[in-house]
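Colleague: The following block contains the structure, expressed as structure tokens.
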Amino acid sequence: MKALIINCTLKPSPTFSNTAELAKKAQQQFKNQGIHTEMIRLVDYEVKPGNSTNLGKGDQWPAILDKIKTCDILIIATPIWMGHLASTAQRVIERLDAIFHEDGFTDEKNGQYFTYNKVAGCLITGNEDGAHSCAAQVLWAMQELGFTIPPNVNAYWVGMAGAGKDYAEAGGEKYFYTNYTLRWMVANLIYFAKLLKANPIDTNINEIRKLAEKESEGPGE
């Protein structure tokens with residue numbers, strides 16, 4: 001099985017990233033459970049704004065999309081900026097929107113997106129509040145895109161209000177609640193990924209669409 005962590009820090013490599021430090025703990029825990037895990041920084045790639053699969057010359061999103069297609073577990077790791085998730089995390093969501101309007105993302109027989117039978121979670125870091133809001137935005141978007149969201153698959157660390165110390169300098173790696181929820185997240189993601197691998201979702205979306213069209217005034221868009 002494969003896990004992919006997309007670190008949505010605004011800092012390119014090799015600049016230190018607090019979000020990366022938390023994500024590394026998740027990466028190691030996945031590896032300890034025999035899960036092949038890769039972590040990438042979105043800003044190390046040229047990912048253009050938009051909601052299509054390929055936006056032309058220089059756009060490196062297709063390479064990241066290929067990694068998402070081959071993983072079983074996806075984690076979006078984002079810092080908090082002004083109480084909101086980073087623009088880079090939002091860009092991942094926006095580029096995945098191609099699932100809804102481009103060909104090649106769904107199974108012809110049952111209409112399921114390629115994201116079906118994959119699980120997703122999120123990691124949040126910041127020196128101000130907003131962790132719950134960011135997690136809600138990421139996890140809602142992931143389920144809308146077809147990922148399965150198991151229970152308790154977010155972990156976060158935030159410092160004191162008023163731009164206090166960041167995760168690493170504040171000793172966040174020793175903070176019980178963050179470590180507890182991180183291990184909880186990893187365990188649940190692995191469990192549900194294995195469950196879905198052995199028991200894939202069998203919903204036939206094509207049939208559901210036809211039934212909905214019959215009981216509606218007009219055909220679907």
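The values are calculated or read from the model by the stated rules, or taken from the named source; none is laboratory data. Given the structure is predicted, the values throughout are model-derived calculations rather than measurements. Neighbour counts run over all protein chains shown; Cβ positions are idealised from the backbone, glycine included. The area values use the complete protein model at the heavy-atom level, side chains included, leaving out ligands, DNA and RNA. Shrake-Rupley method; radii C 1.70, N 1.55, O 1.52, S 1.80 Å.
Colleague: So residue 19 clears everything in (1) open to solvent by 30 Å² or more (accessible area, probe 1.4 Å); (2) within 17 Å of residue 120 (Cβ to Cβ); (3) of a type in the set (S, T, N, Q) except one condition, right? Which one?
Modeller: Exception for residue 19: condition (1).
Colleague: Within the stretch 155-195, take every residue that is farther than 14 Å from residue 22 by Cα and in contact with a strand residue (DSSP E or B) (Cβ under 7 Å, 6 or more places away or on another chain) and give me the one that is most open to solvent (accessible area, probe 1.4 Å).
Modeller: 192
Colleague: Can I ask one more? Looking at residue 113 and the list (1) of a type in the set (Ser, Thr, Tyr); (2) open to solvent by less than 30 Å² (accessible area, probe 1.4 Å); (3) in contact with an Asp or Glu (Cβ under 9 Å, 6 or more places away or on another chain), which single condition is not satisfied?
Modeller: (2) is the only condition that residue 113 fails.
Colleague: Determine, yes or no, whether residue 9 is assigned to a helix (DSSP H, G or I), among the hydroxyl-bearing types (Ser, Thr, Tyr) and under 19 Å from residue 84 (Cβ atoms).
Modeller: Spelling it out, it is not the case that residue 9 is assigned to a helix (DSSP H, G or I), among the hydroxyl-bearing types (Ser, Thr, Tyr) and under 19 Å from residue 84 (Cβ atoms).
Colleague: Next up: Would you mind stating whether residue 97 is open to solvent by 30 Å² or more (accessible area, probe 1.4 Å) and outside any helix (DSSP H, G or I)?
Modeller: So residue 97 does not fit the description; no.
Colleague: With the requirement that a residue be of a type in the set (A, V, I, L, M) and open to solvent by less than 30 Å² (accessible area, probe 1.4 Å), what does the stretch 116-138 give you?
Modeller: 119, 120, 123, 124, 131, 135, 138
Colleague: Looking at the stretch 196-210, which of the residues that are hydrophobic (A, V, I, L, M, F, W, C) and open to solvent by less than 70 Å² (accessible area, probe 1.4 Å) is farthest from residue 120 (Cα to Cα)?
Modeller: For the stretch 196-210, the residue satisfying everything is 205.
Colleague: Still on this structure: Out of the stretch 55-102, which residues are more than 26 Å from residue 132 (Cβ to Cβ) and in contact with a helix residue (DSSP H, G or I) (Cβ under 8 Å, 6 or more places away or on another chain)?
Modeller: Listed by number, the residues that qualify are 55, 61, 64, 65, 72.
Colleague: Quick one: which residue in 48, 25, 31, 67 is assigned to a loop (DSSP other than H, G, I, E, B) and open to solvent by 30 Å² or more (accessible area, probe 1.4 Å)?
Modeller: Every option except 48 fails the conditions.
Colleague: Only residues in the stretch 40-56 that are closer than 19 Å to residue 78 by Cα count as the first member; pair them with residues that are open to solvent by 30 Å² or more (accessible area, probe 1.4 Å) and part of a loop (DSSP other than H, G, I, E, B), Cβ under 6 angstrom, at least 6 apart or cross-chain, and list the lot.
Modeller: 41/13; 43/12; 44/12; 44/13; 45/60; 46/58; 46/60; 48/55
Colleague: Among the listed residues 168, 135, 161, 155, which satisfies the condition of being under 22 Å from residue 27 (Cα atoms) and in a loop (DSSP other than H, G, I, E, B)?
Modeller: Residue meeting the stated conditions: 168.
Colleague: Considering the stretch 171-221 alone, what residues qualify as being in a loop (DSSP other than H, G, I, E, B) and more than 25 Å from the chain's Cα centre (by Cα)?
Modeller: Answer for the stretch 171-221, where residues must be in a loop (DSSP other than H, G, I, E, B) and more than 25 Å from the chain's Cα centre (by Cα): 171, 215, 216, 217, 218, 219, 220, 221.
Colleague: Further, regarding this structure: Open to solvent by less than 50 Å² (accessible area, probe 1.4 Å) and without any contact (Cβ under 8 Å) to a residue 24 or more places away in the chain, is that true of residue 14?
Modeller: In short, no.
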